[in-house]
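The values are calculated or read from the model by the stated rules, or taken from the named source; none is laboratory data. Everything quoted here is computed from the prediction, not taken from an experiment. Methodologically, a virtual Cβ is constructed for each residue, glycine included, from the backbone with ideal geometry; neighbour enumeration extends over all protein chains shown.
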Amino acid sequence: MDKQTIRDYALTLGVDDVGIASAADYVSPRSPRLEALLPGARSLVVLAYRELSTCESPSPQVAMNGRLDLMEFSRSANYRMARFLEREGEKAVTVPVSYPMEMSEATKGAVAEVSLRHAAVAAGLGSLGRHNLVIHPTLGTRVVFSAVLTSLDLPSDPPAPEDLCIHCDVCVDGCPGGALAEPGKTDLGKCLRNSQPYGIGGSIRFWSRYADATPEERKALLKDPEYWRLYQAAFIGFQYFCFKCQSSCPVGRTPPKDA
Ligand code: B12
Ligand code: SF4
Ligand code: SF4
């Protein structure tokens, strides 16, 4: 099967862009080897999805829901792409937008099986900006990726322009956690406290307090909205409370209709 057939099929799924990376061009030092995920892996089909204006909403519920919609849609697109490749006799495995991830001391729950930023850059879908995110030539930073890892042997797409970032530092100055102060590094703890306050860190903090509390204090803790937010996050799967570096980057913002 050739690249054009894959590209045409991907676009029928409603994704915004698609790129292909040869496994040889995917170099992510902290991630597992692709061969360890799929013996005989030869390429990655990377799918790109534009984030809706939900990521700009002052309501965290609206913003989060936009991401949940996108993730649900991406699951279906990924799965259908993998089935398409397997029907053609190839092996294919799906790479999700974020979770599940290995929860271990070694990864600290922050290293995915496949690094989608490295995959997207290798697939010609963009280049890294000052915010350590991939900027797509037309979608800008408001883009999220999923991928299908396959045994199909394909060459990488041509690289995107090397520097799409205009070095305005809007992302650095606007980060509420100060997580982008050091170029080339996102401070995991500082970002997490803002972007996932009801993730594992929040959960450990709450349950540690609970463990030390008296029976009366425990009753009060379970009536505290902090517990309700943790409860909601747990059954939704996770919750993102910050999209600032994505939504504030001026590159690729949808122009007003009359522009
Ligand atoms: C864990 C994780 C996080 C952790 C970061 C941990 C980390 N160091 O990577 C935390 C919780 C902080 C985080 C935050 C966010 N994340 Co996040 N995250 C992931 C996830 C699930 C795994 C990343 C991973 O494996 N990291 C481990 C290794 C690869 O990281 P690393 O080597 O330390 O990376 C460093 C350098 O190598 C360099 N780097 C990274 N990629 C590349 C690529 C090239 C070519 C080069 C040269 C360098 C380079 O930047 C990093 C500096 O800290 C990915 C999804 C995925 N499967 O990839 C999404 C992902 C990276 N997150 C994403 C997003 C959007 C966010 C947030 C905006 C939160 C939100 N609302 O969604 C913030 C943005 C923070 C920021 N500005 O950096 C998107 C980025 C999309 C894009 N356009 O680039 C991804 C790809 C999810 C997706 N499916 O699209 N995330
Ligand atoms: S998601 Fe928010 S806290 Fe994390 S780096 Fe981006 S702006 Fe900063
Ligand atoms: S906000 Fe400015 S500095 Fe940050 S990534 Fe976008 S263009 Fe680059």
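Considering only residues in the range 138-152 that are over 14 Å from the mean Cα position of the chain (by Cα) and either under 23 Å from residue 200 (Cα atoms) or not in a loop (DSSP other than H, G, I, E, B) (or both), the one that is nearest to ligand 1 (Cβ to nearest atom) turns out to be 140. State the number of residues belonging to the range 212-223 that are part of a helix (DSSP H, G or I) and out of contact with any helix residue (DSSP H, G or I) (no Cβ under 9 Å at 6 or more places or on another chain). Residues that pass the stated criteria total 5.
Residue by residue, here is whether (1) assigned to a loop (DSSP other than H, G, I, E, B); (2) more than 20 Å from the chain's Cα centre (by Cα); (3) at pLDDT 95 or above; (4) surrounded by 18 or more Cβ atoms within 10 Å (Cβ to Cβ) holds:
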| position | (1), (2), (3), (4) |
| --- | --- |
| 6 | no, yes, yes, yes |
| 14 | yes, no, yes, no |
| 21 | no, no, yes, yes |
| 24 | no, yes, yes, no |
| 46 | no, no, yes, yes |
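In the range 93-137, of all residues being in a strand (DSSP E or B) and within 14 Å of ligand 3 (Cβ to nearest atom), the one that is nearest to residue 16 (Cα to Cα) corresponds to 136.
Whenever a residue of the range 191-215 is touching a residue at least 24 places away in the same chain (Cβ under 8 Å) and over 14 Å from residue 234 (Cβ atoms), its partners that are of a type in the set (A, V, I, L, M) and in a loop (DSSP other than H, G, I, E, B), lying with C-beta atoms within less than 8 angstrom and at least six residues away or across chains, give the pairs 191/179; 194/179.
The set of residues in the range 143-183 that are exposed (fewer than 15 other Cβ atoms within 10 Å of the Cβ) and within 12 Å of ligand 3 (Cβ to nearest atom) comprises 163, 166, 167, 168, 169, 173, 174, 183. Here residue 82 meets each of (1) in a helix (DSSP H, G or I); (2) under 14 Å from residue 147 (Cβ atoms); (3) touching a Phe, Trp or Tyr at 6+ places or on another chain (Cβ under 9 Å); (4) not aromatic (Phe, Trp, Tyr) with one exception, condition (3).
Among the criteria (1) out of contact with any Leu (no Cβ under 7 Å at 6 or more places or on another chain); (2) within 7 Å of ligand 1 (Cβ to nearest atom); (3) free of Cβ contacts under 8 Å to residues at least 40 places away in the same chain, the one residue 134 does not fulfil is (1).
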